[in-house]
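The values are calculated or read from the model by the stated rules, or taken from the named source; none is laboratory data. Only a predicted model underlies this, so the values are computations on that prediction, with no experimental measurement involved. Counting neighbours? That spans all protein chains shown, and the Cβs are built from the backbone with ideal geometry, glycine included.
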Amino acid sequence: MMQRRILDFRSQLGSLPVRSRASNLRHPQPNQMPERKHSPSRQKPKLGQHFLVSTTAPRAIVDALGDLSQATVLEIGPGKGVLTRLLAPRVERLVAIELDAALAASLQLEWMQPAGSSVEVLCQDILNFDLTHWATQHGVRLQVVGNLPYYISSPILTHLFAHSAVIDRAVLMTQREVAERIVAPPGSSDYGLLSATTQMYATTENLFTLPPEAFSPPPKVYSSVIRLTMHSRFEELGVEPVGFLRFLRQVFALKRKTLGNNLRASGYSPAAVDAAFQRVGVDTRVRAEAVPLPAMAGLFVALTADDS
Ligand code: SAM
């Protein structure tokens, strides 16, 4: 079930609707601000650096991963280490991937311990980090967590999906609009290619929303924390991933067209499209955004069978 709430600095605000709650949010008082650590580097806006300063959100994010006592956690973009410090005592092993060399070096210094440290900080681009190789080499499965750099949220999600076979769960902060699209059900105005793709790989939950003031420097947008519980649907729906993902890109390509028109524009013959719709029991005038994944998979199978 999807839950939505905005985390306040001091408490979680009752049950007001999301948007009206925003106006009630107060700035933290100086004595409620977390202690400022010496900044090892100047902030790099290009790297999406908005560091969490909320005193409640980091714990809520880590709690959302559940019991970590036996877990290997991959942290994306640890930054100044606010999540890393909460995670370290809870996990069996933690690998944190940070692209900013100065931030990575500072964390490496902080976590440099005698042999046996459970925290490893790698200075690397997460998009070049081979999760499957790393997990296989260490004989583990991964829980993923991160306050994502928003400029590459979508490529990071795609990267996680490519390695979803070694991931159990991911708790991620994205900008609110992206989170809303990820969890949107078919037929809703937010449902589209991102929703369909994500929901082929995972069950999705929107956990809570944070105002810009929860970060330093504050981003221009609200942010939401989502949880993805990896659960591939390709086998269950009888579709092969590469072909079906290409099909999804085709059917969501032209937003305002009906699904039938999009398929014909993609090169399927009108007769094949009509036959596929009839076989699956879908109205030809429907838009792609309204079609649930099992019916979409049925259309793909029917059209591909007709192709061969
Ligand atoms: N986790 C910290 C927090 O919540 O305060 C920092 C989050 S900040 C939104 C995103 C972090 O991701 C930054 O530290 C940034 O340097 C890092 N980052 C940006 N691009 C990255 C990439 N391609 N691979 C790994 N880390 C990246």
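If the condition is being over 21 Å from GLN199 (Cα atoms), of a type in the set (A, V, I, L, M, F, W, C) and touching a Phe, Trp or Tyr at 6+ places or on another chain (Cβ under 8 Å), then segment 277-308 contributes only LEU303. Checked against the criteria, PHE234 does not count as under 30 Å from ARG59 (Cα atoms), at pLDDT 95 or above and not polar (S, T, N, Q). ARG93 falls short on exactly one of the conditions (1) within 10 Å of the ligand (Cβ to nearest atom); (2) in contact with a Ser or Thr (Cβ under 6 Å, 6 or more places away or on another chain), and that condition is (1).
Somewhere in segment 133-148, is a residue more than 16 Å from the ligand (Cβ to nearest atom), among the basic types (Lys, Arg) and either at positive phi or within 14 Å of the chain's Cα centre (by Cα) (or both)? No; the residues of segment 133-148 include none that is more than 16 Å from the ligand (Cβ to nearest atom), among the basic types (Lys, Arg) and either at positive phi or within 14 Å of the chain's Cα centre (by Cα) (or both).
Considering segment 59-80, the residues that are crowded, with 17+ Cβ neighbours inside 10 Å and away from the ligand (no atom under 16 Å from the Cβ) include one that is farthest from ASP130 (Cα to Cα), namely LEU68. Checking each residue in segment 97-121 for being under 19 Å from GLN143 (Cβ atoms) and near the ligand (Cβ under 9 Å from one of its atoms) picks out ILE97, GLU98. Scanning segment 272-308 for residues that are basic (Lys, Arg) and more than 16 Å from SER188 (Cα to Cα) yields ARG279, ARG285. State yes or no: is LEU259 buried (at least 16 other Cβ atoms within 10 Å of the Cβ) and closer than 30 Å to LEU142 by Cα? It is false that LEU259 is buried (at least 16 other Cβ atoms within 10 Å of the Cβ) and closer than 30 Å to LEU142 by Cα.
The residue that is nearest to the chain's Cα centre (by Cα), among those in segment 122-132 that are assigned to a helix (DSSP H, G or I) and away from the ligand (no atom under 12 Å from the Cβ), is LEU131.
Look at segment 93-110: where a residue is in contact (Cβ under 8 Å) with a residue 40 or more places away in the chain, no partner that is of a type in the set (Ser, Thr, Tyr) and within 6 Å of the ligand (Cβ to nearest atom) sits 6+ places away or on another chain with Cβ atoms under 9 Å. Residue-level analysis places ILE152 among those that are in a helix (DSSP H, G or I), within 23 Å of GLY48 (Cβ to Cβ) and within 10 Å of the ligand (Cβ to nearest atom).
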